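Here the structure is laid out as structure tokens; the discussion comes afterwards.
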Ligand SMILES: Cc1cc2nc3c(=O)[nH]c(=O)nc-3n(C[C@H](O)[C@H](O)[C@H](O)COP(=O)(O)OP(=O)(O)OC[C@H]3O[C@@H](n4cnc5c(N)ncnc54)[C@H](O)[C@@H]3O)c2cc1C
């Protein structure tokens, strides 16, 4: 197998990966940076970000207020020192993107415009119409390509991380065009592989969001943190699950039940539709469960009414939403309310790392949605994720460059590399089992949607865990029909299935252990938050018998946990 060598390898070319690449390349021009991505960069899920990117830009807003909103939104599980760092760095990122050409929407007097967003007590979501991620990604991709020390490996699929004596040595990746596997050596590796909401069926996420980097790190012995906390977005378009941005409510949209009522008055009378996502998604679910959903061909739904905003404002501020709703939902929001339901949207959990994006393994960093740096706690506020990707993408790039400037390359343990080649090409591609990837994937999504959705109970979680363990056994017996090497999408799907099954298992095991309700983790059998026992982070490590759980304390600086009312 051929070996390729770089100082830094970044896995992932979304907002976090591209921002990291630019930061590393600029930190030291002599450092050579590789970005490996299973997709062309501008096809990463980040391009789908719609509503905005949070940062304090106005004098009557403040970093303390942004931090407080984030901590309260997190149901007090966020580490407050990390949050304070994050909010102070975010404005710099907005201005940096501005200098690199990001076409932010403007106020009449030419300043970067900001819109209100759920859980934020000031309008601080910077936006580029409702295509914020698209414009951020094009800005970053353009900037990254002008650096001669950044080398792109587009449509290469990373399969494993290789450590030597618990230090980062490299990884293995398949060049999809030829189907050949390569080994990479690097002093620093940054994981920036995005989220894993594809363990669910009704989700706002791209089909490619299968959490590969999280599972790869987990399989290499690095712990995953707070994986029980999955965010459900209140406005997934029925029937596809495609996102209708929270910006639609930020611009003044209403949520309406079958009685034509703005029911949020019963759940969050102050913030109404702009309460945090966990609260709005639960409210919608209660309305549906109590029979106040509107009947439709795909089951009961909630209406998102934008008609009162008028055509001009919808076309200026929400043009993508209008287009998507007409093309994919057959509904024009100028004329009719949109049919929506909560959809799986974001993972607060991820690879265990600190505020410098360092994982416990020397030379390995994590940034963006695949990481858990304790910013979002039990519930992320809308528009804080793209800021997180920008702020900590930059931190990861700088830290990885610092490390690469002084560390030396490790030799790749040959045995591990050959074992990975055997696993992929003999045990998966070469196997002639009867099980089908798509069937196991559908069963996993069904289990997760049934028992690991917005409301959870112990019995359901136990059943789900047994179900996923049984699916893992079945997955050991899959057959990939196409035995060819170039662009073997069946092989990629099989590898992704293995990743998602591990992540589903960790999610359920972490959720089962947490006998309280906090943020997005809502246990009907333990309906209250229990700070005495559970104000702590979950760490899940790989063990042959299933995830091994430990806990870490939460860092509190200024704000003592209080009741969370909106
Ligand atoms: C529809 C939608 C709208 C959203 N809107 C907003 C918003 O308005 N504001 C906000 O703050 N957040 C929003 N979010 C969340 C936010 O967009 C994401 O959390 C964020 O963009 C994730 O970026 P990332 O860089 O971590 O990963 P991604 O953009 O998901 O990129 C992952 C990268 O990893 C690569 N990769 C993955 N696995 C492998 C592998 N095995 N080998 C090689 N490469 C691999 C992929 O090719 C890709 O380049 C939204 C999310 C969705 C789904």
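Can you pull out the residues in segment 156-169 that are in a strand (DSSP E or B) and more than 9 Å from the ligand (Cβ to nearest atom)?
The answer is 160, 161, 162, 163, 164, 167, 168, 169.
For the condition surrounded by fewer than 24 Cβ atoms within 10 Å (Cβ to Cβ), under 23 Å from residue 134 (Cα atoms) and at pLDDT 95 or above, residue 312 qualifies.
Could you grab the pairs with beta carbons closer than 7 Å, sequence gap of 6+ or different chains, first residue in segment 188-207 and at positive phi, second one within 11 Å of the ligand (Cβ to nearest atom) and outside any loop (DSSP other than H, G, I, E, B)? Listed pairs, sorted by first residue: 194/45; 194/368; 194/369; 194/370. Residues that are near the ligand (Cβ under 9 Å from one of its atoms) and surrounded by fewer than 24 Cβ atoms within 10 Å (Cβ to Cβ) were ranked within segment 1-40; the one that is farthest from residue 370 (Cα to Cα) is 40.
Among the helices (runs of 4 or more DSSP H) confined to segment 45-155, the ones with at least 2 residues that are free of Cβ contacts under 8 Å to residues at least 12 places away in the same chain and either over 24 Å from residue 233 (Cβ atoms) or within 16 Å of the ligand (Cβ to nearest atom) (or both) are located at 80-99.
Rundown of residues vs (1) surrounded by fewer than 24 Cβ atoms within 10 Å (Cβ to Cβ); (2) modelled with pLDDT under 95; (3) within 11 Å of the ligand (Cβ to nearest atom), yes/no style:
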| position | (1), (2), (3) |
| --- | --- |
| 318 | no, yes, no |
| 349 | no, no, no |
| 360 | yes, no, no |
| 365 | no, no, no |
| 368 | no, no, yes |
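Rundown of residues vs (1) within 16 Å of the ligand (Cβ to nearest atom); (2) part of a helix (DSSP H, G or I); (3) over 17 Å from residue 73 (Cα atoms), yes/no style:
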| position | (1), (2), (3) |
| --- | --- |
| 496 | yes, yes, yes |
| 500 | yes, yes, yes |
| 504 | no, yes, yes |
| 507 | no, yes, yes |
| 555 | no, no, no |
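Note on segment 170-198: residues that are under 12 Å from the mean Cα position of the chain (by Cα) and either away from the ligand (no atom under 14 Å from the Cβ) or not in a loop (DSSP other than H, G, I, E, B) (or both) amount to 2.
The values are calculated or read from the model by the stated rules, or taken from the named source; none is laboratory data. Note that the structure is predicted; figures quoted are calculated from it, not measured. Please note: Cβ atoms are built from the backbone with ideal geometry, for glycine as well, and neighbour counts cover all protein chains shown.
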